[in-house]
1. Please give the number of the condition ARG362 fails out of (1) closer than 22 Å to PRO214 by Cα; (2) of a type outside the set (Phe, Trp, Tyr); (3) surrounded by fewer than 18 Cβ atoms within 10 Å (Cβ to Cβ).
2. Output the residues belonging to the stretch 158-177 that are closer than 18 Å to LYS290 by Cα and surrounded by fewer than 16 Cβ atoms within 10 Å (Cβ to Cβ).
3. Could you pull out the residue among SER65, SER75, SER70, SER80 that is among the hydroxyl-bearing types (Ser, Thr, Tyr) and either outside the structural domain of LEU40 (by TED's automatic domain parsing) or at pLDDT 95 or above (or both)?
4. Note down all Cβ pairs under 9 Å where the first residue falls in the stretch 347-373 and is over 17 Å from LYS187 (Cα atoms), the second is acidic (Asp, Glu), and they're at least six residues apart or on different chains.
5. Among the candidates ALA251, ALA332, ALA291, single out the residue that is surrounded by 19 or more Cβ atoms within 10 Å (Cβ to Cβ) and of a type in the set (Gly, Ala, Ser).
6. Suppose we keep only residues that are in contact with a Ser or Thr (Cβ under 9 Å, 6 or more places away or on another chain) and at pLDDT 95 or above within the stretch 135-156. Which one would you say is surrounded by the most Cβ atoms within 10 Å (Cβ to Cβ)?
7. Applying the selection to the stretch 221-267, what residues are aliphatic (A, V, I, L, M) and in contact with a strand residue (DSSP E or B) (Cβ under 7 Å, 6 or more places away or on another chain)?
8. Provide a single number: the residues in the stretch 307-326 that are under 13 Å from MET296 (Cβ atoms), without any contact (Cβ under 8 Å) to a residue 40 or more places away in the chain and not hydrophobic (A, V, I, L, M, F, W, C).
Amino acid sequence: MKFLIVTHVPHAVEQKQYYGYAPYVREMNIWIKQVDELILIAPLENKKPTAIDTFYEHKSIDFRSVSHFSLTNFSNTIASIFKLPKILLQIAVAMQQADNIHLRCPGNMGLLACVAQIFFPSKSKTAKYAGNWDPKAKQPWTYRLQKWILSNTFLTRNMQVLVYGNWKNQSKNIKSFFTASYSEIEKNVIQKTINPNTAIKFLFVGSLVEGKNPMYAIQLLEKLQLKNENIVLDIYGEGILRTFLEKYIEANNLKEFVVLHGNQNQEVVKKAYQESHFVVLPSKSEGWPKAIAEGMFWGCVPLATAVSCVPNMLDQDNRGILLQMDLEKDAATINKLINSPTDFERKSKATLNWSRAYTMERFETEIQKLLQA
């Protein structure tokens, strides 16, 4: 089988290996296990792989680099117009050559691929919509357009569209899906307990950008410390807000309680999950938040905003706490749980029972079904 992936994820090459954002590439390595040839259309940057990158595990990769473009504002859109015909032609040629087509959405490349795939109705296709599929969500027009094309079974044929969450009134090609990070053999026994008189660890894992809202996690720690000085927050990730956060931590004398670890590899982050009591993600938008799912696998009680499929992941508040984005109210709810060890242990066990159903082995089985359909 000749398998095509069209993605907006930036890539790097080193020693003839193609690298990309590790969670995405690890997932794609499962997709391409049964594939004879891989065609990959994506941006290629002149950079070194970082700690959060990994490489594709395949012996036959035909990488076809495309130019960067953006449709985020009027000037970027005008500049991109001259690039689009060539990129669309590259995608169309690759689709013609492929036996099976896989789109990564939402994103600029995903949008072009959504349009191009219309002209290949007989090809076997899948699309992974990794963003928020909630029909009521406020999103950029490019995201809404991708969702409309993918849901339109007249324009989009012979395709299964994988989305996060269960939503009403969906077209027949929309399939609720999941993702996974850990395997069956990692299901070692773990029991989280909490004691207000010892260190209580909070964990934030994600990009340091406005959309992920790391500042709220820090301000929440400040509010919680008014009642309990044993609370600490570890932050893993990089982004444009790093300098701003560092200055805030310094100005408010929080260096003893808030640690910015930067980007770290999977094993370092896994250990952090194992040692933490809570995983916090006050994000403005998500698809399937891996930080929450991964933390739950290790018994962390999640504190997250009610976006996308998060309320379902948390079974409303039964497997965690849905943040109201009100510091006073959220701190009061969390303090109540900290002071109720029995309730904390119940929620922690509930997170384990739910999240450990979504293993890499189950994920691989479901992917095989999709490719054989």
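The values are calculated or read from the model by the stated rules, or taken from the named source; none is laboratory data. Please read all numbers here as calculations on a predicted model, not as lab measurements. Because the Cβ atoms are built from the backbone with ideal geometry, glycine has one as well, and the counts that use them run over all protein chains shown.
1. Every listed condition holds for ARG362 apart from (1).
2. ASN166, SER176
3. None of the others qualify; the one that does is SER65.
4. LYS347/ASP317; ILE367/GLU27
5. ALA291
6. Of everything passing the filter in the stretch 135-156, LEU150 is surrounded by the most Cβ atoms within 10 Å (Cβ to Cβ).
7. Scanning the stretch 221-267 gives LEU221, LEU224, ILE231, VAL232, LEU233, ILE235, LEU245, ILE249, VAL258, VAL259, LEU260.
8. Residues in the stretch 307-326 being under 13 Å from MET296 (Cβ atoms), without any contact (Cβ under 8 Å) to a residue 40 or more places away in the chain and not hydrophobic (A, V, I, L, M, F, W, C): 4 in total.
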